[in-house]
Amino acid sequence: MGLTVTEKVLSTHVGDGKLEKGGVIGLKIDQCLTQDSTGTMAWLQFESLGIPRVKCEVAVSYVDHTSLSFKGESSDDHLFLMTSAKKFGAFYSKPGNGVCHQVHYERFAAPGKTLLGSDSHTPTSSSLGMIAIGAGGADVAVAMGGGYFYMKVPKIMKIHLEGKLQKGVSAKDVILEVLRRISVKGGVGYILEYTGPGVETLSIPERATITNMGAETGATTSIFPSDEVTREFLRMQGRERDWVELKADVDCVYDVEHTIDLNSLEPMVAMPGSPDNIKPISEVEGFEIQQVYIGSCTNGSYRDLAIGALMLEGRRVNKEIEVVLSPGSRQVEQLLLDDNSYSTYVRSGVRIVEPGCHACIGMGYVPGYGHHSVRTVNRNWFGRGGSNDARLILTSVETAIASAIAGKLADPRKLDFDDFDDYYYEDGYIVDDSMLISPVAQADAARVEIVRAPNIKPIRAQVGPEKVLKGEVLLKVGDGISTDDILPAGSLTQHLRSNLPEISKFTYYYIDKGFASRAIEKGGGFIVGGENYGQGSSREHAALAPWQLNVKAVIAKSYARIHKANLINAGVIPFVTVDEIDMGDQVEINLDTLASGKVTAKNLTKNKDMSLTVELGDRDYDIIMCGGLLAYTRSKHS
């Protein structure tokens with residue numbers, strides 16, 4: 001039996017275990033990335049391991065989430081990250097160089113390699129035929145130190161593409177169609193592998209849009225084959241040497257299959273509340289909006305934004321709404337300047353901000369109360385974008401531009417505009433890595449002093465749990481709780497990423513402002529949740545902040561992959577139950593049988609025994625018993 005692209009890459013990187021579905025493997029990691037929102041903690045964790053220099057082939061520390069430095073603490077973090085990169089042998093991408101995922105697939109991603117990043121949208125780089133996975137900072141810190149990344153071997157979902165996208169329909173509509181079919185939970189336990197004749201009609205930036213937003217399905221990652229399109233993109237980046245061909249064998253077998261006819265797709269939108277709240281444009285055309293934001297790691301490529309400029313030629317955006325654009329990288333910005341697309345945007349009435357994450361995470365351009373903002377980003381939960389009162393609508397660049405012109409949701413197929421021609425740069429893209437600082441020699445690194453301001457706090461020691469966990473249910477929440485719900489992004493917390501004691505005070509801020517003070521008063525306790533608890537970002541602060549508040553365990557119906565791993569890495573036990581537990585209940589959990597996956601628990605308030613289960617491998621159990629991944633790793637190498 002032949003191999004899929006997924007199996008070909010994984011099989012060459014298994015360092016521990018066997019590549020058998022449902023089993024656990026330790027994966028050798030070639031490349032690592034961090035960003036400033038999660039990277040400060042990841043580098044603090046790496047430093048705590050006592051390893052003098054990164055051991056993976058490439059490690060890059062990006063600044064993109066706080067690049068505008070709304071608070072001085074963010075500038076402190078940047079200096080900490082830059083000096084840490086120098087000390088430990090990583091590249092450092094300066095503020096303004098771009099969003100980590102856009103820059104990484106432009107300058108570093110390579111077919112057949114593995115990438116682990118402390119951001120859930122790390123799968124963007126899988127557009128080039130590599131296995132790129134988002135994870136918590138502790139996992140990335142261990143991988144940078146040469147350790148394996150442990151994961152359950154996923155099943156593989158085949159997404160077979162036929163035909164070719166029609167004008168006005170884009171790759172964003174492809175991934176929105178996938179979300180419409182399988183939902184934000186349908187990818188859990190899978191890698192989505194794209195195949196079929198439709199694949200060769202998609203450019204790398206289009207593939208990157210699909211792999212980027214595949215994270216919203218809950219999938220471990222997504223992957224495309226490495227073909228001549230991949231080779232041409234790498235040639236345009238001056239990196240053709242990195243190309244290898246990777247394609248699935250004709251007799252390979254997939255676990256689940258879907259077919260999408262690109263010819264018949266129409267523009268889609270994700271209406272507010274969830275990325276899978278999908279509607280065809282024909283159903284919502286004319287819906288009133290107040291803002292349009294174009295860019296992000298999902299749709300910030302040169303191809304995306306050049307098409308947007310072509311649509312705006314000879315037109316202006318509606319005067320009654322705000323329209324903002326942010327290129328995905330400095331390279332994209334330079335290309336838009338060079339071909340006059342930048343001028344087109346300015347003349348049409350669009351505001352432009354430097355490359356970075358910005359509005360996507362609520363760093364500027366926060367919509368007003370009840371305002372509807374059309375965005376080319378990947379997430380639209382309530383609380384995303386800097387406000388719990390805003391309403392975010394996800395679309396392609398084409399739909400966003402058409403809507404910006406109309407001042408309401410509009411069908412881009414009704415606009416006449418020129419076709420995009422990438423051969424304007426047939427000799428290669430503009431490559432300027434002047435804002436990318438290369439690692440210094442190890443001898444010089446030994447003399448580097450890491451600069452840390454008073455707001456950069458080391459994390460406290462991890463210690464194993466008591467034999468019996470006792471405490472109060474501090475909060476009960478429902479299904480689909482996201483990491484943004486647990487710990488908000490945006491200007492509220494972004495400057496506190498390296499200070500757990502302070503950032504933990506904002507835990508569940510939008511849902512229950514009294515949660516943190518209650519947890520401190522009670523000396524910790526438990527959180528009860530519903531289905532898909534912790535969906536969304538890989539932000540491990542959503543696990544570390546409750547841990548900082550002495551939350552001993554979470555009891556939910558099911559968990560998102562990354563958040564469950566982050567809880568284990570923090571030493572917080574992710575229990576599962578179907579029993580009824582309410583806020584304020586006093587709970588007692590005996591851990592004597594934790595290794596078996598079933599424990600005895602008692603709801604003292606209801607005077608009722610409870611059945612709790614937890615899926616832990618042997619390594620997971622040892623991590624919990626040590627108090628967390630960092631303590632476990634140190635114990636293995638002491």
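Values quoted throughout were computed directly from the atomic coordinates according to the rules given, and no laboratory measurement underlies them. These numbers were taken from a predicted model, which means no experiment stands behind them. Backbone-built Cβ (ideal geometry, glycine too); neighbour counts: all protein chains shown.
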(message) Between segment 38-111 and segment 117-182, how far is it from one alpha carbon centroid to the other, in angstrom?
(response) 21 Å
(request) Classify segment 377-433 as rounded, prolate or oblate, taking a ≥ b ≥ c as the square roots of the eigenvalues of its Cα gyration tensor: rounded when a/c is under 1.5, otherwise prolate if a/b is larger than b/c and oblate if not. (result) oblate
(message) Suppose R0 equals 51 Å. What FRET efficiency, 1/(1 + (r/R0)^6) with r the Cβ-Cβ distance, do GLU232 and MET625 give to the nearest 0.05?
(response) 0.50
(message) So for segment 269-425, averaging the separation of alpha carbon pairs under 8 Å that are six or more residues apart and normalising by length, what relative contact order in percent results?
(response) 33 percent
(request) Select from the chain the helices, each a whole stretch of DSSP H, whose alpha-carbon atoms run 18 Å or more along the helix axis and whose Kyte-Doolittle mean is at least -1.0; answer none if there are none. (result) 36-48, 72-88
(message) Need one number for segment 269-425: average projected area of the convex hull over its C-alpha atoms, nm².
(response) 8.1 nm²
(request) From zero up to wherever the largest Cα-Cα distance of segment 420-473 sits, split into 10 Å bins and tell me the percent of pairs in each. (result) 13, 16, 21, 16, 20, 10, 5
(message) What's the magnitude of the charge dipole for the chain around its Cα centre, counting Lys and Arg as +1 and Asp and Glu as -1 at the beta-carbon? Answer in Debye, nearest 20.
(response) 1840 debye
(message) I need the calculated FRET efficiency for the pair ASP618 and ARG347, taking r as the beta carbon distance and R₀ as 45 Å, to the nearest 0.05.
(response) 0.10
(message) Quick check on segment 515-569: take the gyration tensor over C-alpha atoms, sort the square-rooted eigenvalues as a ≥ b ≥ c, and tell me if it's rounded (a/c under 1.5), prolate or oblate.
(response) prolate
(message) Can you give me the long-range amide H partners of GLY145? Hydrogens built in the peptide plane at 1.01 Å from N, cutoff under 5 Å, separation of 5 or more residues or another chain.
(response) LYS55
(request) Show the residues, 5+ positions off or on another chain, whose built amide H is closer than 5 Å to the amide H of HIS160. (result) THR195, HIS258, THR259, ILE260
(message) Given contacts defined as C-alpha pairs under 8 Å and at least six residues apart, what's the relative contact order of the chain, whole-number percent?
(response) 15 percent
(request) Lys and Arg at +1, Asp and Glu at -1: add these up for the other residues within a Cβ distance under 15 Å of ILE520 and post the number. (result) +2
(message) From the phi angles alone, apply the Karplus equation (6.51, -1.76, 1.60; θ = phi - 60°) to segment 380-395 and give each ³J(HN,Hα) in whole Hz, x where the residue is Gly or Pro.
(response) 9, 5, 4, x, 7, x, x, 8, 6, 9, 7, 10, 9, 10, 9, 8
(message) Sequence gap at least 6, Cα distance under 8 Å: using those rules, report the relative contact order of segment 468-636 to the nearest whole percent.
(response) 23 percent
(request) Sort MET82, MET583 so that the residue with the fewest other Cβ atoms within 10 Å of its own Cβ comes first and the one with the most comes last. (result) MET583, MET82
(request) Could you pull out every residue, at least 5 positions away or on a different chain, whose amide H is within less than 5 Å of the one on VAL323? Hs are placed 1.01 Å off N in the peptide plane, and Pro or chain starts have none. (result) VAL292, ARG351
(message) For a Förster distance of 35 Å, can you work out the FRET efficiency between the beta-carbons of SER635 and ARG518, rounded to the nearest 0.05?
(response) 0.60
(message) Give me a comma-separated list of calculated 3J(HN,Hα) values for segment 317-327, in order, Karplus coefficients 6.51, -1.76, 1.60 applied at θ = phi - 60°, integers in Hz, x for any Gly or Pro.
(response) 6, 4, 5, 8, 10, 9, 10, 10, 10, 9, x
(request) Just the number, please: percent antiparallel of the DSSP beta bridges in the chain, rounded to the nearest 5. (result) 35 percent
(message) Show me the ranking of peptides 181-193, 603-615 by mean Cβ neighbours inside 10 Å, starting with the highest.
(response) 181-193, 603-615
(request) Specify whether the C-alpha gyration tensor of segment 226-343 places it in the rounded, prolate or oblate class, a ≥ b ≥ c being the square roots of the eigenvalues: rounded for a/c under 1.5, otherwise prolate if a/b is larger than b/c and oblate if not. (result) oblate
(request) Can you give me the P(r) profile for segment 468-636? Cα pairs, bins 5 angstrom wide beginning at 0, each as a whole percent. (result) 2, 9, 19, 23, 22, 16, 7, 3, 0
(request) Figure the gain on full extension for MET1 and VAL284 (residue separation times 0.36 nm, minus the Cα-Cα span) and round it to one decimal in nm. (result) 97.3 nm
(message) For the chain, I need the span (max minus min coordinate) of the C-alpha atoms along each principal axis, in Å, sorted largest to smallest.
(response) 70, 55, 54
(message) As I understand it, the dipole of the chain uses +1 on the Cβ of Lys and Arg and -1 on the Cβ of Asp and Glu, about the Cα centre. Which of TYR150, ALA138, GLY198 lies farthest toward its positive end?
(response) ALA138
(message) Can you order the peptides 469-479, 418-428 by their average number of other Cβ atoms within 10 Å per residue, highest first?
(response) 469-479, 418-428
(message) Order these by the 10 Å Cβ neighbour count, fewest first: CYS297, CYS252.
(response) CYS252, CYS297
(message) Please list, in order along segment 153-168, the HN-Hα scalar couplings obtained from phi with the Karplus expression 6.51 cos²θ - 1.76 cosθ + 1.60 (θ = phi - 60°), rounded to whole Hz, x for Gly and Pro.
(response) 4, x, 7, 10, 9, 7, 10, 8, 9, 10, x, 8, 5, 7, 4, x
(request) Any chance you could check the Cα centroid distance between segment 363-388 and segment 538-597 for me, in angstrom? (result) 29 Å
(request) Give me the distance between the Cα centres of segment 408-478 and segment 192-242, rounded to whole Å. (result) 20 Å
(request) Specify which residue in the list MET41, LEU79, ALA59 is farthest towards the positive end of the charge dipole of segment 25-179, using unit charges on the beta carbon of Lys, Arg (+1) and Asp, Glu (-1), about the Cα centre. (result) ALA59
(request) Please express the Cα-Cα pair-distance distribution P(r) of segment 116-227 as a list of whole percents, one per 5 Å bin, running from 0 to the bin with the greatest distance. (result) 2, 13, 22, 25, 18, 10, 6, 3, 1, 0
(request) Could you work out the local net charge near ASP579, counting Lys and Arg as +1, Asp and Glu as -1, over the other residues with Cβ closer than 12 Å to its Cβ? (result) 0
(request) Extending each Cα 7 Å along its Cβ direction at GLU257 and ASP416, get the distance between those two points in nm, one decimal. (result) 4.3 nm
(request) Quick one: dipole size for segment 449-520, taken about the Cα centre, charges +1 on Lys/Arg Cβ and -1 on Asp/Glu Cβ, in debye to the nearest 20. (result) 260 debye
(message) On a 23 Å Cα-Cα criterion, which of the cross-link pairs LYS505/LYS608; LYS155/LYS247; LYS113/LYS185 come out too long?
(response) LYS505/LYS608; LYS113/LYS185
(message) Tell me the net charge near LEU49. Cut-off is 13 Å between Cβ atoms, LEU49 excluded, with +1 for each Lys or Arg and -1 for each Asp or Glu.
(response) +2
